[in-house]
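Each reported figure results from applying straightforward, stated rules to the coordinates on display, with no laboratory input. All figures in this text were calculated on a predicted structure; none of them were measured in a lab. FYI the Cβ positions are ideal-geometry reconstructions off the backbone, even for glycines, and counts take in every protein chain you see.
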Amino acid sequence: MAIRFDVITIFPGMFESPMSETLLKRARDAGLLEVRTHNLRDYTLSKHKNVDDTPYGGGVGMVMNVEPIVRAIEAVKQDRPGARVVLMSPCGNRFDHAHARELARNENIVLVCGRYEGVDDRVRHFIDEEISIGDYILSGGELPAMVVIEAVSRFVPGVLGDHESLAEESFASHILEYPQYTRPREFRGYPVPEVLVSGDHKKIKAWQRQEALKLTARLRPDLLKHSELSEQDRKILKQIDVG
Ligand code: SAH
């Protein structure tokens with residue numbers, strides 16, 4: 001299965017480099033991912049190719065017109081009728097691992113990128129959902145769209161190589177990933193934990209689980225409410241509490 005993103009933006013050039021390097025390039029080359037950008041200015045009926053105007057009621061800045069956005073969405077949908085339409089917006093649902101996994105079930109996703117002070121509120125009637133990538137304001141929806149594309153693509157079967165495991169990653173099971181090390185064995189007085197060079201796989205697994213739990217308890221205790229914990233896990237967590 002492949003996934004296709006259609007991005008509606010006034011800055012299509014912003015997508016060129018990120019989509020033609022690294023994992024995303026590999027996924028595109030393999031035919032697993034397609035990213036098409038649509039320049040919003042091609043959908044305006046205004047003579048001067050304007051896509052924004054001053055807000056009704058006054059106030060600072062400019063607001064993006066509803067018409068070009070809706071015409072662009074409709075153009076894409078003509079080609080991809082079942083596409084899920086997402087507006088990038090700081091007011092949307094906060095994007096996370098589970099949301100990325102859920103979006104990856106769609107074959108076609110349209111990402112609408114706002115600019116200026118945001119979009120005319122009536123755009124809401126023409127979209128399926130709004131996504132925020134965090135509680136801060138960016139100047140446009142392009143970077144958030146790229147975040148969504150990269151996070152969602154990782155769930156498309158075949159995009160990650162065999163050696164890259166989704167299951168063990170942070171958030172997959174509401175537990176952060178265990179700490180990892182590579183050469184050298186000691187760096188400026190900081191050694192690699194002895195157990196990792198012991199060759200004892202059972203011991204290594206147990207250590208990794210313990211460290212993942214410790215890390216989660218220390219950095220993201222909120223995640224533990226949702227994680228599946230074994231008896232042994234609970235014992236470890238109790239010990240941390242005491243220690
Ligand atoms: N005035 C608006 C912010 C507009 S920012 C407000 O106060 O809510 C301009 C555009 O950038 C938005 O339309 C949206 O597409 C994008 N954007 C900014 N921050 C974002 C975020 N955290 N997540 C997703 N999109 C964001």
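Centre-to-centre, using Cα atoms only, region 172-188 and region 14-72 are separated by 39 Å.
Based on the Cα coordinates of region 154-243, what is the per residue volume of their convex hull in Å³?
Working: hull volume 13.0 nm³, N = 90.
Value for region 154-243: 144 Å³ per residue.
Residues whose amide H comes within less than 5 Å of that of Asp6, counting only those at least five positions distant or on another chain, are Arg36, Ile109, Val110, Leu111 (H built at 1.01 Å from N in the peptide plane). Relative to the longest principal axis of the Cα atoms of the chain, the long axis of helix 201-219 lies at roughly 50 degrees. With a/c under 1.5 counting as rounded, go ahead and sort region 1-138 into rounded, prolate or oblate using the C-alpha gyration tensor (a ≥ b ≥ c being the square roots of the eigenvalues; past the cut-off, prolate if a/b is larger than b/c, else oblate). Prolate, because a/c is 1.5 or more and a/b exceeds b/c. Sorting the segments 12-25, 206-219 by their residues' average number of neighbouring beta-carbon atoms within 10 angstrom, most packed first, yields 206-219, 12-25.
Projecting label points 7 angstrom from Cα along Cα→Cβ for Glu194 and Ala2 puts them 5.4 nm apart.
Which FRET efficiency, nearest 0.05, do Ala98 and Glu34 yield, Cβ-Cβ r, R0 30 Å?
Values: r = 24 Å, r/R0 = 0.80.
According to the calculation, E is roughly 0.80.
Give the angle, between 0 and 90 degrees and rounded to the nearest 10, that separates the Cα long axis of helix 66-79 from the longest principal axis of the Cα atoms of the chain. Tilt of helix 66-79: around 70 degrees.
Remark: the chain carries a charge dipole of roughly 540 debye about the Cα centre, counting +1 on each Lys and Arg Cβ and -1 on each Asp and Glu Cβ. Rounded to the nearest 10 degrees, what's the angle between the helix 142-153 long axis and the longest principal axis of the chain, both from Cα atoms, 0 to 90? Roughly 50 degrees, rounded to the nearest 10.
Here the Karplus relation 6.51 cos²θ - 1.76 cosθ + 1.60, evaluated at θ = phi - 60°, turns the backbone of region 40-57 into coupling constants of 4, 5, 6, 10, 7, 9, 6, 4, 8, 6, 5, 10, 9, 7, 6, x, 4, x Hz, with x for every Gly and Pro. Note on the chain: percent of Cα-Cα distances in each 5 Å bin, starting at 0 and stopping at the bin with the largest distance, equals 1, 6, 11, 13, 14, 12, 10, 9, 8, 6, 4, 3, 1, 0, 0.
As a quick test, which of the pairs Lys202/Lys235; Lys203/Lys238; Lys202/Lys225; Lys214/Lys235 have an alpha carbon distance above 23 angstrom in this structure?
Numbers: Lys202/Lys235 18 Å; Lys203/Lys238 20 Å; Lys202/Lys225 27 Å; Lys214/Lys235 12 Å.
Where the Cα-Cα span goes over 23 Å, the pairs concerned are Lys202/Lys225.
What ranking do 165-172, 137-144 get when scored by the average of other Cβ atoms within 10 Å per residue, highest first?
Averaged packing, sorted descending, gives the order 137-144, 165-172.
Taking a ≥ b ≥ c as the square roots of the Cα gyration tensor eigenvalues, with a/c under 1.5 meaning rounded and otherwise prolate when a/b beats b/c, else oblate, which class fits region 122-162? Verdict is oblate for region 122-162.
Nearest 0.05, what FRET efficiency do Lys47 and Leu223 give at R0 = 35 Å with Cβ-Cβ as r?
Working: r = 53 Å, r/R0 = 1.52.
E(calc), rounded to 0.05, equals 0.10.
On the basis of the beta-carbon distance and an R0 of 41 Å, Thr182 and Asp121 show a calculated FRET efficiency of 0.20.
Under the classification rounded if a/c is under 1.5, otherwise prolate if a/b is larger than b/c and oblate if not, where does region 74-113 fall, given a ≥ b ≥ c as square roots of the Cα gyration tensor eigenvalues? Verdict is oblate for region 74-113.
Nothing charged except the Cβ atoms of Lys and Arg (+1) and of Asp and Glu (-1): what's the magnitude of the dipole of region 171-239 about its Cα centre? Round to the nearest 20 debye. Don't jump to the answer; show the numbers that get you there.
On the way: 14 positive and 9 negative charges, 24 e Å.
Computed about the Cα centre, the dipole is about 120 debye.
With an 8 Å Cα cut-off and a minimum separation of 6 or more residues, compute the relative contact order for the chain in percent. Show your work: numbers first, answer last.
On the way: 339 pairs, mean separation 45.2, N = 243.
Relative CO of the chain lands at 19 percent.
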